[in-house]
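S.K.: Pasting a structure below so you can have a look.
The values are calculated or read from the model by the stated rules, or taken from the named source; none is laboratory data. Keep in mind that what you see is a predicted model, and the values were worked out from it rather than measured. Reconstructed Cβ throughout: ideal geometry from the backbone, glycine too, with neighbour counts over all protein chains shown.
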């Protein structure tokens with residue numbers, strides 16, 4: 001069976017990581033390809049080293065038909081049995097090529113906040129008719145697909161994001177390699193530097209944290225359109241030397257091992273993979289109480305939840321964990337147990353494989 005996945009880019013993001021895990025782990029009697037609708041990134045090297053074919057469609061802002069043609073040509077060469085699209089944007093450009101090559105379409109939505117407009121719901125409802133199955137990464141997203149988009153319930157499946165737990169059991173990176181002292185109290189965030197992730201709120205909260213804990217450090221992993229603005233904010237708040245921008249990294253498991261707590265300040269989310277990764281690494285999480293986050297960040301058990309946009313609440317929650325290593329360790333252990341019980345990648349892959357073969 002030949003499976004081609006369509007993602008936004010070959011950078012390190014949530015849906016891109018799901019596509020990577022499918023391509024690298026679902027290898028029995030399957031050949032995988034991954035097409036990035038927009039841009040290249042470090043994921044291409046990882047996929048290529050494991051025999052996964054990749055394509056960069058390089059869609060430009062003014063283009064509509066040409067990206068569809070380029071995707072169709074890639075599919076015509078690869079001859080997929082299944083085209084698996086991630087997000088409505090990718091489905092919109094991939095469906096003509098999939099139909100022309102006779103491939104079955106499986107579609108995944110990784111959140112529902114980008115589908116809130118009537119226009120988005122209408123587009124997805126129409127395009128879902130061409131799909132053999134539509135999946136949501138949590139029950140909240142699947143319920144939205146059924147109730148708001150009005151996709152027939154028999155076509156909608158929930159496939160939670162899965163984590164390769166073994167990857168997070170050991171680390172080969174020391175704190176010294178990141179120029180961190182052993183007694184530093186390290187907060188980290190792994191997320192695209194885009195407005196929806198609201199890094200600015202986290203940086204503002206970290207100013208309050210640093211006022212109480214001079215040994216605090218903040219690691220920001222990821223890149224995006226907000227980087228310049230965030231660097232300016234760090235300067236304005238006199239945080240230079242305490243906040244570090246590490247850019248896009250492929251060694252997330254190693255970086256998580258160097259953190260005391262993982263934060264996520266997003267305004268909107270589905271079920272973010274970065275939180276599942278943090279919990280798999282045994283780290284407590286402080287995150288905004290939105291989307292599917294409360295299903296995994298259980299307040300007081302695996303981490304702490306704060307209102308979206310509330311820098312003071314974020315600072316208070318971070319200080320609570322950073323000031324009590326025992327509580328952080330307990331939350332981290334609870335989080336890892338939850339991942340092992342409910343979010344093992346083997347379970348997710350088994351469902352996707354069944355959809356590929358039986359729909």
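S.K.: Counting just the residues of the stretch 239-282 that are touching a residue at least 24 places away in the same chain (Cβ under 8 Å), over 17 Å from the mean Cα position of the chain (by Cα) and part of a loop (DSSP other than H, G, I, E, B), which one comes out surrounded by the most Cβ atoms within 10 Å (Cβ to Cβ)?
M.R.: Per the criteria, the residue is 259.
S.K.: Same structure again: Which one of 193, 185 is in contact with a helix residue (DSSP H, G or I) (Cβ under 6 Å, 6 or more places away or on another chain), farther than 25 Å from residue 268 by Cα and either modelled with pLDDT under 95 or surrounded by 15 or more Cβ atoms within 10 Å (Cβ to Cβ) (or both)?
M.R.: Sole residue among the options that is in contact with a helix residue (DSSP H, G or I) (Cβ under 6 Å, 6 or more places away or on another chain), farther than 25 Å from residue 268 by Cα and either modelled with pLDDT under 95 or surrounded by 15 or more Cβ atoms within 10 Å (Cβ to Cβ) (or both): 185.
Yes or no, residue by residue, for (1) surrounded by 17 or more Cβ atoms within 10 Å (Cβ to Cβ); (2) over 30 Å from residue 167 (Cβ atoms); (3) in contact with a strand residue (DSSP E or B) (Cβ under 8 Å, 6 or more places away or on another chain):
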{"site": "26", "(1), (2), (3)": "yes, no, yes"}
{"site": "45", "(1), (2), (3)": "no, no, no"}
{"site": "53", "(1), (2), (3)": "yes, no, yes"}
{"site": "63", "(1), (2), (3)": "no, yes, no"}
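S.K.: Considering the stretch 118-140 alone, what residues qualify as being touching a strand residue (DSSP E or B) at 6+ places or on another chain (Cβ under 9 Å) and either modelled with pLDDT under 95 or over 16 Å from residue 351 (Cβ atoms) (or both)?
M.R.: 124, 127, 128, 130, 137, 138, 139
S.K.: Could you pull out the residue among 85, 27, 108 that is under 16 Å from residue 352 (Cβ atoms), without any contact (Cβ under 8 Å) to a residue 40 or more places away in the chain and outside any helix (DSSP H, G or I)?
M.R.: 27
S.K.: Can you tell me how many residues within the stretch 1-24 are part of a loop (DSSP other than H, G, I, E, B) and either surrounded by fewer than 17 Cβ atoms within 10 Å (Cβ to Cβ) or on the phi > 0 side of the Ramachandran plot (or both)?
M.R.: The total comes to 1.
Listed here are the residues, each with its yes/no results for (1) over 21 Å from the mean Cα position of the chain (by Cα); (2) at pLDDT below 95; (3) part of a helix (DSSP H, G or I); (4) crowded, with 21+ Cβ neighbours inside 10 Å.
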{"site": "287", "(1), (2), (3), (4)": "no, no, no, yes"}
{"site": "291", "(1), (2), (3), (4)": "no, yes, no, yes"}
{"site": "315", "(1), (2), (3), (4)": "yes, no, yes, yes"}
{"site": "318", "(1), (2), (3), (4)": "yes, no, yes, yes"}
{"site": "321", "(1), (2), (3), (4)": "yes, no, yes, yes"}
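S.K.: With respect to residue 311, determine if the residue is in contact with a helix residue (DSSP H, G or I) (Cβ under 7 Å, 6 or more places away or on another chain) and surrounded by 18 or more Cβ atoms within 10 Å (Cβ to Cβ). Break it down stepwise before answering.
M.R.: Working: in contact with a helix residue (DSSP H, G or I) (Cβ under 7 Å, 6 or more places away or on another chain): yes; surrounded by 18 or more Cβ atoms within 10 Å (Cβ to Cβ): yes.
Yes; evaluated as a whole, the condition is true for this residue.
S.K.: Working only within the stretch 196-226, note down all residues that are part of a helix (DSSP H, G or I) and more than 19 Å from residue 268 (Cα to Cα).
M.R.: 206, 207, 208, 209, 210, 211, 212 - these are the residues of the stretch 196-226 that are part of a helix (DSSP H, G or I) and more than 19 Å from residue 268 (Cα to Cα).
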